[in-house]
Amino acid sequence: MFLQSSIDVQTQKISTYTEKLWQIIIDYSPKLISAFIILFVGLYLIRIVNRLIRRIMLKRELDPTLSKFLADIFLWILRAFLFAAFISKLGIETSSFVAILGAAGLAVGLSLQGSLSNFAGGMLIILFKPFRVGDYIEAQNVTGEVSEIQIFVTKIIGANNQTIYVPNGALSNGTIVNLSQAGIRRVDLSIAISYNANLLKVKEIIEKILSDNPKILTNPEPRVDVIALADHVKIAVRPWVSFTDYPVIAAETLEKIKLELDAAEIALHPVA
């Protein structure tokens, strides 16, 4: 009898809880449904707006890196507003949520100071453009072609095809040598001859080599100058070339000078 009474009480409690739960679901379901409708419709609209913004930036011929960066920032701002609207529709107090996010953001910011420095450096590089994608730069003991400017790092392809990632914070705060921005570059070569060699003949041979090469520019004019008199005569050879021709011209010119001087029976002086 007691057991039966206990079972009846438990059954009645379960029934009561079930009715209350069902009532809560019925009362809360409109908020839940409308909140998810806002979420999915908002995500769809944000995607459309983001594509529209990218197209507008493309038509205005903005820098590709800057366009991507601004579009991504705008995307996350819209998502943050959408998320705030979503939780507000669910009935969650947004002010408390914002306070929690603020405290969490402060803690994360303190622990990620280096990353924030790189983020700020990325913004400075994108805004002030000391270099662009495709430029050949020298910075932070790294030399190579800029392949991609990301928010936190810059991707550089070295001469031996190594992929190098340089943090934007260090990059923006250090010295950057943009080797390709001007479009042309001076080749700085030097040779040494003995005092017994005919200096005027040597200069004549070198000047002819430079004038015969169509890839060497005539403006600025190439120079062949004596720059030092020590135990030998040191001659600087300084032609100007297109940046893309620089490595080839440097090697070709040195080789041609050696062959032509050998043909003229003029020996180069060994340099220790």
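Just so you know, all these numbers are worked out from the coordinates, no wet-lab data involved. These figures come from a predicted structure and were not determined experimentally. Note that each Cβ is placed from the backbone with ideal geometry, even for glycine, and that neighbours are counted across all protein chains shown.
Computed from the C-beta positions of Gln162 and Ile38, the FRET efficiency with R₀ = 45 Å rounds to 0.40. The lysine pair tally for the range 152-272, using Cα distances under 17 Å and a gap of 8 or more places or different chains, is 10. Once the Cα-Cα distance is subtracted from the 0.36 nm per residue extended length, the Val133 to Asp188 segment shows a gain of 17.2 nm.
The magnitude of the dipole of the range 184-263, with charges of +1 and -1 set on the Cβ of Lys/Arg and Asp/Glu and taken from the Cα centre, is near 160 debye. Placing a label point 7 Å from the Cα of Leu229 along the Cα-to-Cβ line, the residues of the range 182-207 whose backbone N sits under 18 Å from it are 191-203.
Shown here for the range 168-272: GluC sites (Glu not before Pro) in loop regions (DSSP other than H, G, I, E, B) with at most 15 other Cβ atoms within 10 Å, namely Glu265. Once the chain from Gln150 to Glu260 is taken as fully extended at 0.36 nm per residue, the excess over their C-alpha distance is 34.7 nm. Principal axis extents of the C-alpha atoms in the range 129-178 (largest first, rounded to whole Å): 26, 20, 17. Remark on Glu148: its backbone amide H falls under 5 Å from those of Lys155, a criterion applied only to residues 5 or more positions apart or on other chains, H modelled at 1.01 Å from N.
Length available on full extension from Asn219 to Asp72: 0.36 nm per residue minus the Cα-Cα distance, which gives 48.5 nm.
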